[in-house]
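Asker: Submitted below is the structure of interest, expressed as structure tokens.
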Amino acid sequence: MKHLHRLFNPLAWPIAAKISVALVCAVLIPMIFTAYYNLQQSLNSVEAGEYRKLELLASSSASRFDQLIIDQHRVVSQVSNNRHVVDFLAADTPQNQETHRNLQPTLQNVLRSHPDIDNVLLMDNKGECLAATDPKFIGENYSIIQDNFYGFGSLVSQTIENPGMFFSGRVRSPNGEIVGTILLNIQGEDIWTTINALHIDFQTNVFLIDQQGVIISHADPSLLYHSLLTLPTQTLKQVAQNKRYGVDRVESLDIPDLKVMVRAKQPGHATYQLPRSHMAQIVGFAPLATQPWVLGVSQSKAEFSIPLNRLIWLNSTSVVIVGGITAIIALLLGLSISRPIRALIVATQALEDDDFDSHVLELHQNLAQFTHSQDDIGQLMCVFLEMAESVRMRDQRLKVQVQELCIEINETKRASHVAEITENEHFQQLQQKIQKLREQQVAQTETETEYYQRLQNQVQSIKERSHDL
């Protein structure tokens, strides 16, 4: 429990741990804040760059699709000015029209020169088809075609019901009189093939929406002819009435995030999520110059985030590596600072426990290795060694003085005890008796040995009585 308390109590940490933690914090905390700030700036820059990349891809793809529409419009212009087409539509009677045998080869030559065109129709001013590359169109009425109509939709009739792109142009006689209309048709499948061919890579999808926000081209067929937003009731009625998209009803995907795409005038980007999909998508979009349509280039959020995640990983790795190197350097520096302090603590403890003399050589060697340093630690070691030596010599002198004092005290105590014995009244009486005995003559019958024995017994008896006192 004590060790656990010390572990969570910074004040009880060893000096090496404190120094190491302080150095690591002093280096890492500013570095982490700086790295975080730089990372946020870099992420914002990279993210803006990725958005810009998608917008540029969308603009490039829109320009290519615009060029396709312009090329088809040029084909309409070329065919409408063809001499055989003008002569055919300017003829007064069907019999005169039949005389122009070069018309059909001309129309077939258009198909061969432009494989993406499915049908070419020639109509009079009333919208009745007089000639076509496919005979099934002849006799049908397409009065729905207006002047210079071109766009996406379906012509509701028995012959053209599938959605596609239609390009039309007025045919004029040499004197400027309108004698009919030419119509080129590109099926929706051909449009999808063209749009899908614009894919930059397998990670992106290119799709096209019209002015109503209805998807008219997408790599996923299940999303075709679905609106990004809920269409107004009147628009839905018109769609159901003329079957413009070849369907009875346009279902809504209800993606409010893509509202910015509908009739967009400038390139932009948005984040959205398809229904029944848990994967977020990023789309860059750009409007077409020739139509009020918008082309979008979408990419999954995961793929979009790859460069961002790579940047985060590189930044985090650099912080970890630098932090690890800093921690190692701080630990080594902390140990180099704490090692002489620990040796100083051991020597001080030995000096306090009066055990310095027994380990003086070992402690002196441990401390002497730090005295070569010219810093404060080295100076502290030199001062401590001088102080320890002075304390040791003083202690030795004190011990000698204590021994001498003890001897003197013992002699004084011994003299005091002797004085107490000699000054005792019984001892003085005994001395007097001994003196009298010495003065008396020794009895004739007592030998000298017996006399001395008797004298010693008397002295012993006197000593015992003095001790009892």
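Asker: Nearest 5 is fine: what % of DSSP beta bridges in region 192-304 come out antiparallel, could you say? Present the calculation step by step, with values, prior to reporting the outcome.
Answerer: Values: 22 of 24 bridges.
Percent antiparallel among DSSP bridges in region 192-304 is about 90.
Asker: How would you rank 405-412, 234-241, highest first, on the average number of other Cβ atoms within 10 Å across their residues?
Answerer: On the way: 405-412: 10.0, 234-241: 13.4.
Packing proxy ranking, top to bottom: 234-241, 405-412.
Asker: Can you work out ³J(HN,Hα) from phi for every residue in region 30-39, in order, using Karplus 6.51 cos²θ - 1.76 cosθ + 1.60 and θ = phi - 60°, giving whole Hz and x for Gly and Pro?
Answerer: x, 5, 5, 4, 5, 5, 5, 4, 4, 5
Asker: Enumerate the amide H contacts of Tyr142 below 5 Å, restricted to partners 5 or more residues apart or on another chain; note that Pro and chain-start residues carry no placed amide H.
Answerer: Distant-sequence amide H within range of Tyr142: Glu128, Cys129.
Asker: Using +1 on the beta carbon of Lys and Arg, -1 on that of Asp and Glu, and nothing else charged, what's the dipole of region 192-304 about the Cα centre, debye to 20? Don't jump to the answer; show the numbers that get you there.
Answerer: Details: 9 positive and 8 negative charges, 75 e Å.
About 360 debye.
Asker: Enumerate the calculated ³J(HN,Hα) couplings along region 342-348 in order (Karplus 6.51 cos²θ - 1.76 cosθ + 1.60, θ = phi - 60°), each rounded to whole Hz, writing x wherever the residue is Gly or Pro.
Answerer: Couplings: 4, 4, 5, 5, 4, 5, 5 Hz.
Asker: I would also like to ask the following. With θ set to phi - 60°, apply the Karplus curve 6.51 cos²θ - 1.76 cosθ + 1.60 along region 109-120 and write out the HN-Hα couplings as whole Hz, x wherever there is a Gly or Pro.
Answerer: Values per residue, Gly and Pro as x: 5, 5, 5, 5, 6, 9, x, 6, 8, 8, 9, 10 Hz.
Asker: Would you mind checking which residues have amide H under 5 Å from Ala280's amide H? H placed 1.01 Å from N; only 5 or more apart, or other chain.
Answerer: Counting only residues 5 or more places away or on other chains, the set is Lys301.
Asker: Too long at a 25 Å Cα-Cα cut-off: which of Lys237/Lys259; Lys413/Lys436; Lys413/Lys433?
Answerer: On the way: Lys237/Lys259 21 Å; Lys413/Lys436 32 Å; Lys413/Lys433 28 Å.
With Cα atoms farther than 25 Å apart: Lys413/Lys436; Lys413/Lys433.
Asker: Now for a different question. Take each of the peptides 55-62, 131-138, average the number of other beta-carbon atoms within 10 Å over its residues, and list them starting from the highest.
Answerer: On the way: 55-62: 20.9, 131-138: 17.0.
Final packing ranking: 55-62, 131-138.
Asker: Enumerate the amide H contacts of Arg172 below 5 Å, restricted to partners 5 or more residues apart or on another chain; note that Pro and chain-start residues carry no placed amide H.
Answerer: For Arg172, the qualifying residues are Val179.
Asker: Fewest Cβ neighbours within 10 Å first, please rank Tyr245, Tyr51 accordingly.
Answerer: Working: Tyr245 24, Tyr51 19.
Result, fewest neighbours first: Tyr51, Tyr245.
A short reminder: the numbers here are calculations on the coordinates, not readings from a lab. The shown structure was predicted, so the numbers you read here are calculated from the model rather than taken from an experiment. Don't worry about glycine lacking a Cβ; one is built from the backbone with ideal geometry, like all the others, and counts go over all protein chains shown.
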